[in-house]
Amino acid sequence: MKAFFLSPILLASTIFAQTPQAAPVSSMRFEDATEKSGIAFTHSFGAQKLGSLLESTGSGCVWFDFNNDGFPDLYVASGGNELPDGSPELADRLYINDGHGHFNKSTALPSIRKNKSAIAVSDVDHDGFPDVFVGGAPESDHFGKPYASYLLMNNRHGSFTVNEVPQLRTSGVLHSAAFADLNNDGWPDLVVAGEWMPIRIFINQHGKLVGQSTGDMAKQSGWWQRIVLVDVNGDGLTDIIAGNYGLNSKLMPTPNNPVKLFLTDLDKNGTIDPLLTISSKGRDYTFLGKGDIEKQVPVLKKEFLYYHDFAGKTVQELFGNSLHSVKPLIATSFSSGIFYNKGKGNFEFSAFPRNMQVSTLFAFATFSEGEKGLLAAGNFWGVVPYEGRYDADYGDVLLINKNGNNRYIPAVSSGLFLRGEVRDIKALHTAKGVIYAVAFNNDAIHFFRQQLEPHHRGS
Ligand SMILES: [Ca+2]
Ligand SMILES: [Ca+2]
Ligand SMILES: [Ca+2]
Ligand SMILES: [Ca+2]
């Protein structure tokens, strides 16, 4: 079976919708500084396009000083392909920096021969040595089956001890993981997000990660692609910026009418036939029409000779015998936004404005010089399993106001004008201010400089 989730890493596109015209540069908040940067770099790794080269979250690789010798080492997580668990290629690699520009592959890394989709690093047990969270991914042939994620505890002697993260067996598709101290007790907590799952929080209790109930957040099962942990509103509590699938979709899940994916063998030939449903008044109907489902499962042609045998029927009425023992994957919200940390484990969701919901959001950065705000970008133009290509997002700037009156600045007037599939944004601090590095799928990294003109201050 083909992987039934968004796999941005391996996809590329050269299609652009009609391109809006930018306003004159002088009035812009951001200036494209790519040509002045002196860096020519394309976001790829051999034949594979990496989802997250710049960021310490997402699959791909991450730099951290494994052995505390002052030189950053490189951890490369494996996954995002069609290899079955157990394949030697799925073992991760750790390259130790010798401080002279040379890297030696470590033999100390435990060999977890499983697909992985997310990675995050933090000193979980406060011993001064960084530990690694490695998020699992479903095997393409076993999609929908629960799988494990791991915490690699750095034992200071050049190796790791592997622990499964308790309470994190999931059937969803984990895409993003990050550490931050959510409850201000000095211990880094873990947040993970993915498709067919809500955002999950694991509070660090003196070196042990313990799943936390998250109230309303648990009801927002989404197709989450990226989380970024930062104090957006400056109240001293770390918030969760969360990129979801977006709302420009025929799939419009709500808690009462979720989108579901039944993984069942409709024609009893031994392979799973994923059945995507939308709900109306609590009843589940196939998302694809009769013809498309018959293409997927030809034997059904004999069962439904006439359209009226199919139309208006729930999937339980159509396929009842095959479904009654199947627990579907569920999504209840595709809205991107910010979960504001209200303290004591409470989070309050603030959805992004409509303009920021036209596409899937993968990348975020914040700024707070003169004004407080957020950069966001995304796009997913590959083969979405269920729908056509999304409308384009050209880069979003959201000015955050303490009273909740956020102001949206479109790319045509902000200068943050991004054409393509953005996968990451990273703020780089320089003597002349902040530069934002923007990583595209299958394209060169672009750089944008924030322009702090007097007329922008306090606006
Ligand atoms: Ca090192
Ligand atoms: Ca540690
Ligand atoms: Ca904490
Ligand atoms: Ca906050």
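The values are calculated or read from the model by the stated rules, or taken from the named source; none is laboratory data. Bear in mind the structure is a predicted one, so any value in this text is a computation, not a measurement. Ideal geometry is used to build each Cβ from the backbone, glycine not excepted, and the neighbour counts take in all protein chains shown.
Annotations for the structure displayed:
- Segment 400-451: number of residues that are at pLDDT 90 or above, of a type in the set (Phe, Trp, Tyr), assigned to a strand (DSSP E or B) and under 19 Å from Val358 (Cα atoms): 1
- Residue selection: Phe349 satisfies the criterion of being farther than 21 Å from Phe287 by Cβ, touching an Asp or Glu at 6+ places or on another chain (Cβ under 8 Å) and not charged (D, E, K, R).
- Restricting attention to segment 188-223 and to residues that are within 16 Å of ligand 4 (Cβ to nearest atom) and not in a loop (DSSP other than H, G, I, E, B), the residue that is nearest to Ser333 (Cα to Cα) turns out to be Met217.
- Filter pass, Leu247 being buried (at least 17 other Cβ atoms within 10 Å of the Cβ), away from ligand 3 (no atom under 11 Å from the Cβ) and closer than 25 Å to Thr332 by Cβ: yes
- Every test in (1) of a type in the set (Phe, Trp, Tyr); (2) away from ligand 2 (no atom under 15 Å from the Cβ); (3) under 20 Å from Asn163 (Cβ atoms) is passed by Phe103 save one, and that test is (3).
- Among the residues of segment 36-71, those that are more than 16 Å from ligand 2 (Cβ to nearest atom), more than 19 Å from Val422 (Cβ to Cβ) and at pLDDT 50 or above comprise Lys36, Gly38, Trp63, Gly70, Phe71.
- Each residue in segment 78-114 was checked for being among the charged types (D, E, K, R), in contact with a Pro (Cβ under 7 Å, 6 or more places away or on another chain) and under 19 Å from Pro130 (Cα atoms), and 0 pass.
- Failed item, numbered, when Asn155 is tested on (1) in contact (Cβ under 8 Å) with a residue 40 or more places away in the chain; (2) within 20 Å of His206 (Cα to Cα): (1)
- Within segment 85-187, strands (runs of 3 or more DSSP E) holding 2 or more residues that are surrounded by 13 or more Cβ atoms within 10 Å (Cβ to Cβ): 93-97, 116-122, 131-136, 150-154, 160-164, 173-180
- Within segment 213-248, tally of residues that are among the β-branched types (Val, Ile, Thr) and either within 19 Å of Gly172 (Cβ to Cβ) or within 15 Å of the chain's Cα centre (by Cα) (or both): 5
- Failed item, numbered, when Gly128 is tested on (1) away from ligand 1 (no atom under 16 Å from the Cβ); (2) closer than 14 Å to Asp65 by Cα; (3) small (Gly, Ala, Ser): (1)
- Boolean, Asn269 is modelled with pLDDT under 95 and either within 16 Å of ligand 3 (Cβ to nearest atom) or over 30 Å from Ala363 (Cα atoms) (or both): yes
- Residues of segment 160-210 satisfying the condition of being charged (D, E, K, R) and within 22 Å of the chain's Cα centre (by Cα): Glu164, Arg169, Asp181, Asp189, Glu195, Arg200
- Members of segment 110-125 found to be more than 16 Å from ligand 1 (Cβ to nearest atom) and of a type outside the set (Gly, Ala, Ser), listed by number: Pro110, Ile112, Arg113, Lys114, Asn115, Lys116, Ile119, Val124, Asp125
- Restricted to segment 332-364, and to residues there that are part of a strand (DSSP E or B) and of a type in the set (Gly, Ala, Ser), the residue that is farthest from ligand 4 (Cβ to nearest atom) is Ala363.
- Odd one out for Ala392 among (1) modelled with pLDDT under 90; (2) in contact with a strand residue (DSSP E or B) (Cβ under 8 Å, 6 or more places away or on another chain): (2)
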